[in-house]
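Novice: The structure follows.
The values are calculated or read from the model by the stated rules, or taken from the named source; none is laboratory data. What you see is a predicted model, and the numbers here were worked out from it, not measured in a lab. A quick note on method: Cβ atoms are made from the backbone with ideal geometry, for glycine too, and the neighbour counts reach across all protein chains shown.
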């Protein structure tokens with residue numbers, strides 16, 4: 001297993017933690033952040049890139065592989081933020097109003113993005 005944690009650029013509190021389990025096939029990504037805990041398979045192609053990005057602590061490279069791996073990361077800022085510093089809201093499906101479709105948010109500098117689908 002390889003693991004990296006990412007600190008908030010504002011307060012240094014933990015913004016998220018990502019673990020990569022197993023050999024290249026089958027591998028699993030486990031991400032903990034203020035949005036939720038995510039468990040997802042990692043393709044053999046993405047395994048080495050993710051392993052290298054985790055070893056380097058490169059949240060931008062992790063975000064580039066899959067934005068849901070790094071919901072704490074803001075690409076325009078090139079910075080990570082904890083849940084206290086994201087202004088976030090739930091987006092509900094228009095056809096099924098009780099179904100949460102995604103989580104969106106603004107970083108401290110006002111950049112908006114989808115944090116979790």
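Novice: Does at least one position in region 28-36 carry a residue that is on the phi < 0 side of the Ramachandran plot and more than 12 Å from the chain's Cα centre (by Cα)?
Specialist: Taking every residue of region 28-36 in turn, at least one turns out to be on the phi < 0 side of the Ramachandran plot and more than 12 Å from the chain's Cα centre (by Cα).
Novice: Give me the pairs, please: first residue somewhere in region 60-71 and at negative phi and modelled with pLDDT of 95 or more, second residue anywhere and assigned to a loop (DSSP other than H, G, I, E, B) and crowded, with 17+ Cβ neighbours inside 10 Å, beta-carbon distance under 8 Å, and either six or more positions apart or on two chains.
Specialist: 62/70; 63/70; 71/34; 71/35
Novice: What's the total number of residues in region 62-82 that are surrounded by fewer than 18 Cβ atoms within 10 Å (Cβ to Cβ), over 20 Å from residue 43 (Cβ atoms) and out of contact with any helix residue (DSSP H, G or I) (no Cβ under 7 Å at 6 or more places or on another chain)?
Specialist: 2
Novice: Being closer than 15 Å to residue 71 by Cβ and at pLDDT below 85 is the filter here; which residues of region 90-100 pass it? Spell out how you get there, then give the answer.
Specialist: As a first pass, look at region 90-100 and keep what is closer than 15 Å to residue 71 by Cβ: 90-91, 100.
If the condition is that a residue be closer than 15 Å to residue 71 by Cβ and at pLDDT below 85, then 100 is the only one that fits.
Novice: Output the residue which, of all residues in region 83-117 that are under 16 Å from the mean Cα position of the chain (by Cα) and part of a loop (DSSP other than H, G, I, E, B), is surrounded by the fewest Cβ atoms within 10 Å (Cβ to Cβ).
Specialist: Checking each candidate, the answer is 117.
Novice: For region 5-52, which residues satisfy the criterion of being assigned to a loop (DSSP other than H, G, I, E, B) and within 13 Å of residue 80 (Cα to Cα)? Before the answer, list the steps.
Specialist: Taking region 5-52 first, the residues assigned to a loop (DSSP other than H, G, I, E, B) are 8-13, 22-26, 34-36, 43.
8, 9, 10, 11, 12, 13, 34 - these are the residues of region 5-52 that are assigned to a loop (DSSP other than H, G, I, E, B) and within 13 Å of residue 80 (Cα to Cα).
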